[in-house]
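Take a look at the structure below.
The values are calculated or read from the model by the stated rules, or taken from the named source; none is laboratory data. Just so we're clear, the structure is a prediction, and the values are computed from it rather than from any experiment. Reconstructed Cβ throughout: ideal geometry from the backbone, glycine too, with neighbour counts over all protein chains shown. Each accessible area value is taken on the protein alone, full model and side chains, heavy atoms only, with ligands, DNA and RNA left out. Shrake-Rupley method; radii C 1.70, N 1.55, O 1.52, S 1.80 Å.
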Amino acid sequence: MTLYAIIFYLLAALIIISTGIAITRRNMVHVVIYLVFSFFGTAMLFYLLGAPLLALLQIIIYAGAVMVLFLFIIMMLRVEAPEISMFPFSQWVPAAALCAASVVLGLLLLIPESQLGKPLETAIATPSDFGFYLFKRHWLTIELVSILLLVALVGAFHLGKSKLSAKSEDPS
Amino acid sequence: MIVPFSHVMILSGIVFLMGVFCAVARRNLIMILLGLEIMLNAASIAFVGGSLHFHLMEGQVFALFIIAAAAAEVSVGLALFVCVYRRTGSLDPGIGE
């Protein structure tokens with residue numbers, strides 16, 4: 001077992017434990033904090049798997065921007081935890097069981113692949129290589145994603161504003 | 001030499017199942033959106049692992065697009081939740097029961 005393997009298992013344990021704690025907390029702020037740990041672990045895993053630019057983006061966008069957005073909404077809405085924090089078992093167990101079955105089937109599909117047991121070689125895609133590849137081969141997708149982000153911005157703005165403007169137009 | 005590719009996929013599967021549990025069992029709209037985030041995160045772990053396994057950079061490109069799509073989804077979703085909260089005064093998806 002090499003040093004890289006030990007680091008991988010430690011990171012996997014960090015991700016699984018922090019996610020597992022996060023999804024069972026009742027206080028929403030604690031949930032978000034534990035998920036930040038989980039996303040930091042994922043960022044380090046990306047670095048281990050040879051994607052340093054994605055590791056940075058994971059920290060900046062996921063652990064930074066998205067989680068802070070969640071924190072803002074949680075603190076703005078002041079949601080009090082309901083006395084029952086989970087649905088009854090009979091409602092969600094079939095959905096979760098179906099999903100677990102499909103995940104297990106997907107993992108079983110991987111078994112016949114011949115070189116599966118071979119450990120992964122370390123490799124690294126430097127940020128400049130990655131950026132050149134991205135803008136050489138996928139420039140159209142980049143443009144589409146930027147349009148998607150713009151549409152999401154306009155949509156969020158409209159959703160947040162519509163109630164106020166309707167109220168100001170209709171004073172009754 | 002890191003670990004075999006199957007271990008990366010098993011980690012991704014476990015994290016995905018945790019996200020599914022969070023999305024279907026918790027009685028709070030924000031927890032549902034957080035469960036979606038966990039599931040997307042698991043998918044990007046699988047994509048980056050596959051990128052290293054097959055020596056293709058497409059997996060990392062897809063992980064980047066997953067991050068962008070997740071950011072767009074979160075912004076629209078949270079704006080919707082603010083609308084729901086104004087309308088019903090609660091974020092409980094089972095409020096009609």
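Remark: C-alpha extents of chain A on the principal axes read 71, 47, 28 Å, sorted largest to smallest. If you take the accessible area of B alone, add that of A alone, and subtract the area of the pair, what total do you get in Å², probe 1.4 Å, to the nearest 100? Result for this pair: about 7200 Å² buried.
What FRET efficiency comes out for A:Ile124 versus A:Tyr9 if R0 is 25 angstrom and r is the Cβ-Cβ distance? Round to the nearest 0.05. Please list the in-between numbers first.
Values: r = 20 Å, r/R0 = 0.82.
The pair A:Ile124/A:Tyr9 has a calculated efficiency of 0.75.
Applying D = kT/(6 pi eta Rh) to segment B:5-88, where Rh is the Kirkwood radius over alpha-carbon pairs, T corresponds to 4 °C and eta to 1.567 mPa s, the Stokes-Einstein value obtained is 94 µm²/s. Working note: Cα atoms of segment A:1-80, range along each principal axis, descending, whole Å: 48, 26, 9.
Residues of segment B:52-66 that bury at least 50 Å² of accessible area once all protein chains are present, compared with their chain alone (1.4 Å probe, heavy atoms only, ligands and nucleic acids left out), are B:Leu52, B:His53, B:Met57, B:Glu58, B:Gln60, B:Val61, B:Leu64, B:Phe65.
Over chain B, with every protein chain in place, what whole percent of the accessible area is carbon and sulfur at 1.4 Å, could you tell me?
On the way: 2430 of 3300 Å².
Carbon and sulfur: 74 percent of the exposed surface of chain B.
For chain A, what % of the accessible area comes from carbon and sulfur atoms, probe 1.4 Å? Don't jump to the answer; show the numbers that get you there.
Details: 7910 of 10630 Å².
On chain A, the fraction of accessible area on carbon and sulfur atoms equals 74 percent.
For helix A:28-48, report the angle its Cα long axis makes with the longest principal axis of the Cα atoms of chain A; keep it between 0 and 90° and round to the nearest 10°. With rounding to tens, the tilt is 30 degrees.
Largest first, what is the accessible-area ranking of A:Tyr133, A:Tyr47 with a 1.4 Å probe?
The ranking, largest first, comes out as A:Tyr47, A:Tyr133.
Rolling a 1.4 Å probe over the heavy atoms of the protein chains gives segment B:5-88 an accessible area of 32 Å² per residue. Per-residue Karplus couplings for segment B:10-27, computed as 6.51 cos²θ - 1.76 cosθ + 1.60 with θ equal to phi - 60°, are listed in order as 5, 4, 4, x, 5, 5, 5, 5, 4, x, 5, 4, 5, 7, 9, 9, 7, 9 Hz, Gly and Pro entered as x. B:Thr88 exposes around 70 Å² of accessible area when a 1.4 Å probe is run over every protein chain in place.
Solvent-accessible surface (1.4 Å probe) assigned to B:His55 amounts to roughly 130 Å².
Of all stretches in chain A that contain no trypsin sites (Lys or Arg not before Pro) in a DSSP loop with at most 13 other Cβ atoms within 10 Å, the longest one is A:79-172. Give me the residues in segment A:1-30 whose solvent-accessible area, probe 1.4 Å, is reduced by at least 40 Å² once all protein chains are included instead of the chain isolated. Checking the loss per residue gives A:Phe8, A:Tyr9, A:Ile16, A:Thr19, A:Ile23, A:Met28. Taking every protein chain into account, the 1.4 Å probe leaves B:Met31 with about 0 Å² of accessible area, to the nearest ten.
Return the long-range amide H neighbours of A:Met86 (sequence gap of 5 or more, or a different chain), with a cut-off of under 5 Å between placed amide H atoms. Residues meeting the criterion, in which the H sits 1.01 Å from N, are B:Arg27. Only helices enter this figure: runs of n ≥ 4 DSSP H residues, each worth -39500 (n - 2.57), summed and divided by the residues of the protein assembly as shown, yield -25500 deg cm²/dmol at 222 nm to the nearest 500. The alpha carbon centroids of segment A:1-30 and segment B:55-97 are separated by 22 Å.
For chain A, what's the relative contact order in percent, using C-alpha pairs closer than 8 Å and at least 6 residues apart? Intermediate values should be presented prior to the final figure.
Numbers: 87 pairs, mean separation 32.7, N = 172.
In percent, rounded to a whole number, it is 19.
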